[in-house]
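Asker: Would you mind keeping the following structure in view while I ask a few things?
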Amino acid sequence: MQDSNATKSSIPAGLVTGIGSLPFTTPEEALPLIMQHCPQAPHWPQLPRRGGREGFVFQFLTPLLTTRLLRLEGDKAVFNTDSPDWPACLTEFYTLYLAAEAGEAAALDYFALPEEAAVGFHAFARHLEVHGPGAALFYKGHQAGPLTIALQLKDHRGRISYYDDQLRDLIVKSLALNARWQVRRLGALGRPVIFFVDEPAIGVCGNSNYITVTRQMVLDDLNAIFDQVHAAGGTVGVHSCDGIDWSLLYESKVDIVNLDAFAYWQSLLPYAAEMKGFLARGGVMAMGLVPTSAAAWQQTADTLLAHLSTVYSELAARGVHRPVLARQTMITPACGTGLLEPELAVHIYSLARQAGEKFAREVAALD
């Protein structure tokens, strides 16, 4: 198994990658953009404009559909808890899960991304098989997070699945083995794998409207996925595009913390001490420096790096060692670009590459 700490230490300052989604309907449109602007850490493109089959149910939870634990009602998926076959379906799922966790390749393949629901992933893999890694140091995979998904899926009575221990467990286990499968599949293409869990709903933790969503529940669910990524030899990150309690992630087993550092950078400041500890254990900050909105048209690499310098000065004033932070920094867009106009998405990726390259040169000058 690949040593995750060795992988983290090899992430160069200013490494650029994307969050995942792009505003295209074919991978042929998306892949050239990714390869041009994220050459050292290309990611597979999620293509939400292709429709519902690119959503999280079909992409990441297909095993719950095929074991009949989930059923479709129109354009929605609900847990099939009222079915007389529910116990047998549970048995089938957990049998597959245990076999996959034990290392049976055929069982793990059950948790794969279906090509009809993740055409970008399979086109990405085929591209690498034909053309090789090029300048890539890493490949990047991703999936929607368990909290985000479980707060949207319901049972047949309309009850949110997150609050049912068994339903939440099914979601977490399905995601965990999908993550393991992605890392194994991408890793077989010849480069270490960075894997992001996209968890925009993590901000509800500590919110009075979600008082039953506890810190420990969120940590346990995320760590279950992180464990599977690490078991497959990958490095794992979490993306959140909100201002949250970052100490929760610093406390977890995550290797990379990714945020919207353009709009929500001030949310980092109360947790500077925890960030310092995270960096000390080799953690990496992936700064979502480029706004994923029309505001990007007003930015240049220089203005973005000036903004980042302000952020780092504020953190340094709170005890974070600036050279350490700089050496353990990646650059990304603030969020996915799947809902934007294509021209804006191209501009955002170009800005990220320019900023990352300039940042890398600045950090190299420190040595």
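The values are calculated or read from the model by the stated rules, or taken from the named source; none is laboratory data. Computed from a predicted model, the values in this text were never measured in an experiment. Neighbour counts are summed over all protein chains in view; Cβ atoms, including those assigned to glycine, are modelled from backbone coordinates with ideal geometry. The protein model used for the area step is the full one, side chains on, heavy atoms only, and it has no ligands, DNA or RNA in it. Shrake-Rupley method; radii C 1.70, N 1.55, O 1.52, S 1.80 Å.
Asker: Please enumerate the residues belonging to region 179-213 that are assigned to a helix (DSSP H, G or I), at pLDDT 95 or above and open to solvent by less than 40 Å² (accessible area, probe 1.4 Å). If you could, list the steps in order and put the result at the bottom.
Answerer: Here is the first cut: in region 179-213, the residues assigned to a helix (DSSP H, G or I) are 179-187, 200-204, 208-210.
Filter again for at pLDDT 95 or above, leaving 179-187.
179, 181, 182, 183, 186, 187 - these are the residues of region 179-213 that are assigned to a helix (DSSP H, G or I), at pLDDT 95 or above and open to solvent by less than 40 Å² (accessible area, probe 1.4 Å).
Asker: Taking the conditions exactly as written (surrounded by 19 or more Cβ atoms within 10 Å (Cβ to Cβ) and either under 15 Å from residue 265 (Cα atoms) or among the basic types (Lys, Arg) (or both)), does residue 340 satisfy them or not? Don't jump to the end; show me each part of the working.
Answerer: Values: surrounded by 19 or more Cβ atoms within 10 Å (Cβ to Cβ): yes; either under 15 Å from residue 265 (Cα atoms) or among the basic types (Lys, Arg) (or both): no.
Judged against the criteria, residue 340 is not a match.
Per-residue answers, yes or no, for (1) β-branched (Val, Ile, Thr); (2) surrounded by fewer than 23 Cβ atoms within 10 Å (Cβ to Cβ); (3) at pLDDT below 95:
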{"site": "2", "(1), (2), (3)": "no, yes, yes"}
{"site": "9", "(1), (2), (3)": "no, yes, yes"}
{"site": "17", "(1), (2), (3)": "yes, no, no"}
{"site": "22", "(1), (2), (3)": "no, no, no"}
{"site": "25", "(1), (2), (3)": "yes, yes, no"}
{"site": "38", "(1), (2), (3)": "no, no, no"}
{"site": "44", "(1), (2), (3)": "no, no, no"}
{"site": "56", "(1), (2), (3)": "no, yes, yes"}
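Asker: Could you run through region 69-118 and say how many residues are over 26 Å from the mean Cα position of the chain (by Cα) and within 21 Å of residue 179 (Cα to Cα)?
Answerer: Within region 69-118, residues that are over 26 Å from the mean Cα position of the chain (by Cα) and within 21 Å of residue 179 (Cα to Cα) number 3.
Asker: Which residue is most open to solvent (accessible area, probe 1.4 Å), if the candidates are limited to region 123-165 and must be without any contact (Cβ under 8 Å) to a residue 12 or more places away in the chain and part of a helix (DSSP H, G or I)?
Answerer: Result: 131.
Asker: Still on this model: Residues that are under 25 Å from residue 338 (Cβ atoms): find the helices (runs of 4 or more DSSP H) completely inside region 55-103 holding 3 or more of those. Can you show your working first?
Answerer: Values: elements: 56-60, 62-66, 86-101.
Filter on region 55-103 gives 56-60, 62-66.
Asker: Same structure again: Just to check your reading of the model, which residue among 353, 361, 327, 322 is under 27 Å from residue 200 (Cβ atoms) and of a type in the set (D, E, K, R)? Break it down stepwise before answering.
Answerer: Working: 361 fails: under 27 Å from residue 200 (Cβ atoms); 327 fails: under 27 Å from residue 200 (Cβ atoms); 322 fails: under 27 Å from residue 200 (Cβ atoms).
That would be 353, the only listed residue that is under 27 Å from residue 200 (Cβ atoms) and of a type in the set (D, E, K, R).
Asker: Out of (1) at pLDDT 95 or above; (2) more than 27 Å from residue 141 (Cα to Cα), what's the single condition that is false for residue 74?
Answerer: Against the list (1) at pLDDT 95 or above; (2) more than 27 Å from residue 141 (Cα to Cα), residue 74 comes up short only on (1).
Asker: Kindly provide the set of residues from region 233-277 that are within 20 Å of residue 20 (Cβ to Cβ), without any contact (Cβ under 8 Å) to a residue 60 or more places away in the chain and open to solvent by 10 Å² or more (accessible area, probe 1.4 Å), ordered by number.
Answerer: 242, 244, 264
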